[in-house]
Amino acid sequence: MIDYHLLEALVTYAQVGTLAKTAQQLGVTQPAISHTMRHLEEQLGVQLFIRTPNKLYLSETGKYAAREAKKLLNSNLNFTQRVQQFNQNQATLTIAANAPGPLIVLRALKAPNVKIWPDFLTTDAAAMLADGQVTCVLLNHPLDTFDTTSVFLGTENMSVNLPADSPLAHYPATL
């Protein structure tokens with residue numbers, strides 16, 4: 001398995017273009033970066049650099065490796081953020097809804113470990129669940145995805161009291 005710091009050094013070199021700037025950005029010496037690059041080549045079993053007397057260049061394989069390393073480092077960062085989000089979701093239940101009734105009831109409960117999404121859901125609820133933005137959604141329709149359980153909880157009825165002279169008062173009781 002390739003060490004994280006080796007990949008970080010390769011990506012940094014690809015971005016800045018010299019061993020000196022790579023060393024400076026990573027806070028190490030230039031000989032340490034040279035050693036790191038040789039060690040990475042040994043571990044991968046491929047030549048990542050074209051060496052000339054005065055300059056070091058990434059080979060095509062080196063450029064490819066740097067792009068892949070950047071993807072892997074970004075994936076690792078996303079992994080860390082997702083695990084931290086999951087941990088937070090274990091302590092706090094984040095609920096969203098696409099109708100006002102459930103939100104009114106939830107806000108009235110004032111539970112200390114319940115966080116209520118500030119707005120009505122207008123985006124893809126399944127994606128919000130998958131991304132860990134919310135831990136529970138209350139919808140007026142079933143959610144049919146592979147990794148989500150959807151359960152019918154009940155119906156919501158809404159009543160409005162209007163003055164007799166209101167233009168809306170002449171509509172039937174149910175629409």
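The values are calculated or read from the model by the stated rules, or taken from the named source; none is laboratory data. No experiment lies behind these values; they were computed from the predicted model shown. Every residue, glycine among them, receives a Cβ derived from its backbone with ideal geometry; neighbour counts consider all protein chains shown. Surface accessibility is based on the protein's heavy atoms, side chains included, excluding ligands, DNA and RNA. Shrake-Rupley method; radii C 1.70, N 1.55, O 1.52, S 1.80 Å.
One table, with the values for the structure above:
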{"read-out": "Cross-chain or 6+ apart pairs with Cβ under 6 Å, the stretch 126-140 first and of a type in the set (Ser, Thr, Tyr), then buried (at least 18 other Cβ atoms within 10 Å of the Cβ) and not in a loop (DSSP other than H, G, I, E, B)", "value": "135/94"}
{"read-out": "Lone qualifier among 147, 165 - being in a loop (DSSP other than H, G, I, E, B), at pLDDT 85 or above and either at positive phi or open to solvent by 80 Å² or more (accessible area, probe 1.4 Å) (or both)", "value": "165"}
{"read-out": "Inter-residue pairs, beta-carbon under 7 Å, first under 21 Å from residue 1 (Cβ atoms) and in the stretch 40-59, second outside any helix (DSSP H, G or I), 6+ apart", "value": "40/48; 41/47; 41/48; 43/2; 47/59; 48/58; 48/59"}
{"read-out": "Candidate set from the stretch 94-134 (those that are in contact with a Lys or Arg (Cβ under 7 Å, 6 or more places away or on another chain) and not small (Gly, Ala, Ser)); member that is farthest from residue 159 (Cα to Cα)", "value": "94"}
{"read-out": "Any helices (runs of 4 or more DSSP H) falling wholly within the stretch 1-104 and containing at least 2 residues that are open to solvent by 90 Å² or more (accessible area, probe 1.4 Å), out of contact with any Leu (no Cβ under 7 Å at 6 or more places or on another chain) and of a type in the set (D, E, K, R)", "value": "30-44, 60-91"}
{"read-out": "The stretch 116-144: number of residues that are part of a loop (DSSP other than H, G, I, E, B) and open to solvent by 40 Å² or more (accessible area, probe 1.4 Å)", "value": "15"}
{"read-out": "Some residue of the stretch 63-82 being modelled with pLDDT under 80, on the phi < 0 side of the Ramachandran plot and over 25 Å from the mean Cα position of the chain (by Cα)", "value": "no"}
{"read-out": "Count of the stretch 68-89 residues which are closer than 20 Å to residue 12 by Cα and in contact (Cβ under 8 Å) with a residue 40 or more places away in the chain", "value": "5"}
{"read-out": "The stretch 126-141: number of residues that are farther than 15 Å from residue 85 by Cα and at pLDDT 85 or above", "value": "3"}
{"read-out": "The stretch 150-160, residues that are open to solvent by 100 Å² or more (accessible area, probe 1.4 Å) and modelled with pLDDT of 80 or more", "value": "151, 152, 153"}
